[in-house]
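To keep things clear, I will list the structure first and then write my remarks on it.
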Amino acid sequence: CCTVPATPLRAQTHRQAAFNQLIHRLTVNEQKTIRTLRNRLKRALTQAQKQTNSTAPKTSFFAAPRQTVFLLQDAGSSHRTPFFASGFLIREVFKGKNYVWGVTAKHITDLFDASFEAVFYVNGQAVRCPVQAVFAGAQHGIDLTLLKVDTPAHAPLEPLALGQNPQEGEFLQSYGYTRGLFYYSGQREVLAVSPQQIITPYAFAAHHPAAGYCGSPLLNAKGEVAGIHNGSPKNKTQSVAVPVAQLRPLLAASRGLPQ
């Protein structure tokens, strides 16, 4: 959980007094110039905000996102591993057939020392599905794990389609669990992107720790997977994700195919 250092009230009062004294020393024309510049700045900020609001997603793509994104935890009631994480379902088309996989971060599955399960929520009811790690990206330097999720036929779960790596300036949506509680962020602007990483702003408030969010999906405007969240630096100013293109070599490798 990150914290923002408080500014001493005395320092704030001193700066405000100094600013007021400076304004009183200005001539009428100088004050007029400052007011003009201030008004222009306000208009520019308002216009920038309107443009941002027109390009950024405003609402979630899903009516029920927790039927796609799951809470990853110990199987059973013992919870020998006191840890919660995130994952999600994807749909892959291979040789004309649909296959459903679970996806999470590899460092997540490394932390579990017992069998684990995916927990979906359908109409407010928990649906628990056994999970098995099928293929991890360790040998490829990729922080991803493919999961076999035994989903029940009666549960209306909704796997995601894979999209393309995002572009810088694009807005993404993200969904996941922090400390076991579901969290949604609708304006994850892509600050930088490379074949290995997507960088977005840190989407969590100081009072809302991000532990457990790793392994959750970032979606593009089409509702397709664009990246997989896998951490944040210690200063908690940015978040890091794996681009979706890194999933495809794992899907191929899991079948022993050329990548």
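Computed quantities for the displayed model
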| read-out | value |
| --- | --- |
| Cross-link pairs 106/234; 97/236; 148/222; 95/222 - those with Cα-Cα distance over 30 Å | 97/236 |
| Radius of gyration and maximum dimension Dmax of the stretch 141-201, Cα, Å | 14.7, 41 |
| Around residue 250: net Lys/Arg minus Asp/Glu count, Cβ-Cβ under 12 Å | +1 |
| Which of 154, 229 is most accessible, then next, and so on - probe 1.4 Å | 154, 229 |
| When the convex hull of its Cα atoms is projected in every direction, mean area for the stretch 92-134 (nm²) | 4.3 nm² |
| 16 Å cut-off, amide nitrogen to a point 7 angstrom out along residue 221 Cα→Cβ, residues in the stretch 149-168 | 163-168 |
| Three-way shape label, the stretch 104-183, alpha-carbon gyration tensor, a/c 1.5 | oblate |
| Antiparallel bridges, percent of DSSP beta bridges restricted to the stretch 123-254 (to nearest 5) | 95 percent |
| Efficiency of FRET from Cβ geometry, residue 182 and residue 238, R₀ 35 Å, rounded to 0.05 | 0.95 |
| Sites matching trypsin sites (Lys or Arg not before Pro) across the stretch 102-199 that sit in DSSP coil, with at most 16 neighbouring C-beta atoms within 10 Å | 179 |
| Amide H contacts of residue 227 (H built 1.01 Å from N, under 5 Å, at least 5 apart or other chain) | 218, 244 |
| FRET efficiency, residue 196 to residue 35 (Cβ-Cβ, R0 41 Å, nearest 0.05) | 0.25 |
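The values are calculated or read from the model by the stated rules, or taken from the named source; none is laboratory data. Just so it is clear, the model here is predicted, and its values are computed rather than measured. Cβ atoms come from the backbone with ideal geometry, glycine included; neighbour counts cover every protein chain shown. These area figures cover heavy atoms from the full protein model, side chains too; ligands, DNA and RNA do not enter into them. Shrake-Rupley method; radii C 1.70, N 1.55, O 1.52, S 1.80 Å.
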